[in-house]
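Chemist: Right, I'll just put the structure down here and ask away after.
Every read-out reported here was derived from the displayed coordinates using simple, explicitly stated rules and does not represent laboratory data. What you see is a predicted model, and the numbers here were worked out from it, not measured in a lab. Here Cβ is always computed from backbone atoms with ideal geometry, including for glycine, and neighbour counts include all displayed protein chains.
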Amino acid sequence: MGSLQLKSVRKSFGNVDVIKGIDLDVKDGEFVIFVGPSGCGKSTLLRIIAGLEDATSGSITIDGAEVVTVPPAKRGIAMVFQSYALYPHLTVKDNMGLGLKQAGAPKEEIEKRVAKASAMLSLEKYLSRRPAELSGGQRQRVAIGRAIVREPKLFLFDEPLSNLDAALRVNTRLEIARLHRDLKATMIYVTHDQVEAMTLADKIVVLDAGVIQQVGSPMELYNKPANLFVAGFIGSPAMNFIEASRVGVADAKTIGVRPEHLALSRDGGEWQGKVVHVEHLGADTIVYIESEKVGLFTVRLFGEHHYAVDDVVYATPAAGQTHRFDADGRAIR
Amino acid sequence: MSKARASLTRTSLVHLALISYAIISVFPVFLTLINSMKDRNAIFRNPMQLPSPKTFDLVGYYTVLGQGDFATYFQNSFIVTVAAIALVLLFGAMAAFALSEYRFRGNTLMGLYLAIGIMIPIRLGTVAILQGMVATGLVNTLTALILVYTAQGIPLAVFILSEFMRTVSDDLKNAGRIDGLSEYSIFFRLVLPLVRPAMATVAVFTMIPIWNDLWFPLILAPSEATKTVTLGSQIFIGQFVTNWNAVLAALSLAIFPVLVLYLVFSRQLIRGITSGAVK
């Protein structure tokens, strides 16, 4: 159905290099997520794949065909935008059918595909409404429906959940996951939210400053981050970084321990410190500790725990769960 | 400031200011209207008085309508104004779209060049325009006026519309591109409906100076067949004798078409269909 290859794709705006040489291979049916902080070039990269921006250099192939000079409508892609981008003057049905109509598909075919897509997204009731008469969640479903109707080789999602409230975001996330299973289509999804990335992706591409930092499955990124950036970006609360010299590790520059891999005790342990703040989340308790030996660090405890500010506590990293990084920030294995 | 907290004195003061300004603005129009319906003596003796049964006289209107040519003058004014507005909106919007949407070499320079037209009065070029019109044989045609007014209106149109077009969501245009709409369809079917209020603003600002202009009709199209209303009314103003009844009547009549056009556009000003397009 749809595979995608990027070869040394670069993009500059004037003197500013936004994308600094990206090589990526997306296999048919994969759900790939580009994740990174704002300004890392992830949306630009998606737009380049869609053909809405020209790459300064490099090659893009969809299903083995070079598409650099092909206009967006002919690339066999469909895109879902953060702001929905529905046509305000068209009904839901016409919004979904416009792409096919422009491509000259016969009327019955359009009807059939719109009916199928609206059934998948339970939008049948709203087909004759205009976007202004729909709620945010419904609008985003229409936008997704518009993409499905085109039956593209490649689905592109540009932060589709950012405008939705928290509850709706979870629902729509489930819906997108279900769509991916049902359609078995190749999907490329951009987000800055690592939870979305971890929950949806087959493969996550972590980008920073226009460069791919690491590509891997969610668990690979969590368990084996390739460098300091990925280690700090994936996981919440973020990984604790400690200067190796302070804890007596000689063969590394920095040591990383995830907050959930630290055990806390009042009686004794490796790092002594004072509690500076406690967050109770019900399922988790997050404790912030200031230690003379290692500085400020975070501990995530499961369930309810009662620590007060200024309590003296001891933290101990779980065996085999510490990450070591060299002077350039690369992980040492 | 929330509505609930506005005090009565404050609201009444605001309304007082607005009402007095409205009275000041409308007063000359009102004076023109009442005096157009009075006889000549009453106009001069009691210009502020409303027409009474004794002073009521429609002689001005009889004179104006009896002249016969005024229907043509109105028609000329109407054709020139409507055609010029249409061209200004079309070309202004297209230029504004190009300037706001596409990155090309000289984009900013082109924008500035077009904006200069707002600062330099077109009348400075009257002689050159007249020479050009003579050379192309367009003197005493409505085309000459339409061309000049289009040129006069485009800078402001480009300036206002390009600002508005920047606010149209890029995602919407990109969605159109992915759905296979041509750049022209994106412009006409997606962008123009969304900037309709701005188009109406531009139309109103373009329309009024054109309708009221005396300069270019006098210079470029003074023939009987191409006179506009403002120029046509001048025949009643003489060096020694002025037929005030007729002048006032002609001016009163000239208000109405422009009022109608204004109402048409101001409806568009209020109506907004952008809601729901993007969050």
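Chemist: Would you tally the net charge around A:Glu30, using a Cβ to Cβ cut-off of less than 12 Å, leaving A:Glu30 out, and scoring K and R as +1, D and E as -1? Please list the in-between numbers first.
Modeler: Values: positive: A:Lys27, A:Lys184, A:Lys203; negative: A:Asp25, A:Asp28, A:Asp202.
Residues close to A:Glu30 contribute a combined charge of 0.
Chemist: Which values, in whole Å and largest first, are the semi-axes of the equivalent ellipsoid of the stretch B:57-212 obtained as the square root of 5 times each eigenvalue of the Cα gyration tensor? Could the numbers behind the result be given before it?
Modeler: Numbers: eigenvalues 256, 80, 36 Å².
Equivalent ellipsoid semi-axes, largest first: 36, 20, 13 Å.
Chemist: Among all the lysines, which ones have a C-alpha under 18 Å from A:Lys107's C-alpha, if same-chain residues fewer than 8 places away are not counted?
Modeler: List returned: A:Lys93, A:Lys116.
Chemist: May I ask you to sort A:Ser3, A:Ser43 by Cβ crowding, counting other Cβ atoms within 10 Å and putting the fewest first?
Modeler: Ordered by Cβ neighbours within 10 Å, fewest first: A:Ser3, A:Ser43.
Chemist: Over 33 Å, how big is the tail of the calculated P(r) for chain B, in percent of all Cα pairs?
Modeler: 41
Chemist: Binning at 5 Å from 0, report for the stretch A:157-216 what percent of all alpha-carbon pair distances ends up in each bin.
Modeler: Pair shares across the bins are 4, 16, 29, 26, 14, 9, 2.
Chemist: Report the calculated FRET efficiency for A:Asp165 and A:Thr199 (r = Cβ-Cβ distance, R0 = 22 Å), to the nearest 0.05. Don't skip to the end; give the middle numbers.
Modeler: Details: r = 17 Å, r/R0 = 0.79.
Between A:Asp165 and A:Thr199 the formula returns 0.80.
Chemist: Sticking with this structure for a sec: If you filter the stretch A:45-87 for trypsin sites (Lys or Arg not before Pro), then keep DSSP loop positions with at most 16 other Cβ within 10 Å, what is left? Can you show the working numbers first?
Modeler: Working: sites: A:Arg47, A:Lys74, A:Arg75; in loops: A:Arg75.
In loop regions of the stretch A:45-87 (DSSP not H, G, I, E or B), there are no sparsely surrounded trypsin sites (Lys or Arg not before Pro).
Chemist: Still on this structure, please answer the following. Binning at 10 angstrom from zero up to the longest distance, how are the C-alpha pair distances of the stretch A:93-213 distributed in percent?
Modeler: So the P(r) values, bin by bin, are 12, 42, 32, 12, 2.
Chemist: Starting from the Cα coordinates of the stretch B:144-279, work out the convex hull volume and express it per residue in Å³.
Modeler: 126
Chemist: In whole Hz and in residue order, list the ³J(HN,Hα) couplings for the stretch A:138-144 that follow from phi through the Karplus curve 6.51 cos²θ - 1.76 cosθ + 1.60, θ = phi - 60°; x for Gly and Pro.
Modeler: Calculated HN-Hα couplings, in order: 5, 4, 5, 5, 4, 4, 5 Hz.
Chemist: Using only alpha carbons, build the gyration tensor for the protein assembly as shown and give me the equivalent ellipsoid semi-axes, biggest first, whole Å.
Modeler: 68, 30, 24
Chemist: OK, next. Counting only Cα, what are the radius of gyration and maximum Cα-Cα distance Dmax of the stretch A:4-100, in Å?
Modeler: When restricted to Cα atoms, the stretch A:4-100 yields Rg and Dmax of 14.9, 44 Å.
Chemist: To check my understanding: the extent here is largest minus smallest coordinate of the Cα atoms along each principal axis. What are those three numbers for the stretch A:258-332, in Å, largest first?
Modeler: Computed over the Cα atoms, the extents are 38, 27, 19 Å.
Chemist: Any idea which of B:Pro257, A:Val275, A:Gly232 is furthest toward the positive side of the dipole for the protein assembly as shown, if Lys and Arg beta-carbons carry +1 and Asp and Glu beta-carbons -1?
Modeler: Of the options given, the answer is B:Pro257.
Chemist: Can you spot the aspartates and glutamates whose alpha carbon is less than 17 Å from A:Lys184's alpha carbon? Ignore those fewer than 8 places along the same chain.
Modeler: A:Asp28, A:Glu30, A:Asp63, A:Glu151, A:Glu175, A:Asp202
Chemist: Rounded to two decimals, what is the ratio between the C-alpha radius of gyration of the stretch B:3-57 and 2.2 N^0.38 Å?
Modeler: Against the empirical 2.2 N^0.38 Å value, I get 1.74 for the stretch B:3-57.
Chemist: Checking the cross-link filter: which aspartates and glutamates have an alpha carbon closer than 16 Å to that of B:Lys227, excluding same-chain neighbours under 8 positions apart?
Modeler: B:Asp69, B:Asp213
Chemist: Along the principal axes of its C-alpha atoms, what lengths does the stretch A:13-63 span, in descending order and rounded to whole Å?
Modeler: 36, 24, 18
Chemist: Follow-up question, since we're still on this one. Only bridges with both residues in the protein assembly as shown count here: give the DSSP antiparallel percent, nearest 5.
Modeler: Of the beta bridges lying entirely in the protein assembly as shown, close to 75 percent run antiparallel.
Chemist: Let me ask you something else. Provide Rg and Dmax in Å for the stretch A:203-317, with only Cα atoms included in the calculation.
Modeler: Spelled out, the Cα radius of gyration and Dmax of the stretch A:203-317 are 15.3, 47 Å.
Chemist: To continue, here is another question. Less than 11 Å Cβ to Cβ from A:Arg47, Lys/Arg counted +1 and Asp/Glu -1: what total charge do the surrounding residues give?
Modeler: Surrounding charge for A:Arg47 is -2.
Chemist: Another question, if that's okay. May I ask you to compute the full-extension gain from B:Val134 to B:Phe56, defined as 0.36 nm times their residue separation minus their alpha-carbon distance, rounded to one decimal in nm?
Modeler: 23.4 nm
Chemist: Hey, any idea what the orientation-averaged projected area of the convex hull of the stretch A:32-183's Cα atoms comes to, in nm²?
Modeler: Seen from a random direction, the Cα hull of the stretch A:32-183 projects 9.8 nm² on average.
Chemist: Pop a pseudo-label 7 angstrom from the Cα along the beta-carbon direction at both B:Val26 and B:Ile118 and give the gap in nm to one decimal.
Modeler: 3.1
Chemist: If you take every residue apart from A:Tyr288 with its C-beta less than 14 Å away from the C-beta of A:Tyr288, what net charge results, scoring Lys and Arg +1 and Asp and Glu -1?
Modeler: Around A:Tyr288, the charge tally is -3.
Chemist: Using only the Cα atoms of the stretch B:110-177, what semi-axes does the equivalent ellipsoid have when each is the square root of 5 times a gyration tensor eigenvalue? Give whole Å, largest first.
Modeler: Largest first, the stretch B:110-177 gives 34, 15, 8 Å.
Chemist: Placing +1 at every Lys and Arg Cβ and -1 at every Asp and Glu Cβ, with all other atoms neutral, what dipole size does the protein assembly as shown have around its Cα centre, in debye to the nearest 20?
Modeler: So the dipole magnitude of the protein assembly as shown works out to roughly 1520 debye.
Chemist: Based on the Kirkwood radius over alpha-carbon pairs, what is the Stokes-Einstein translational diffusion coefficient of chain A at 25 °C with 0.890 mPa s viscosity, in µm²/s?
Modeler: Result for D is 111 µm²/s.
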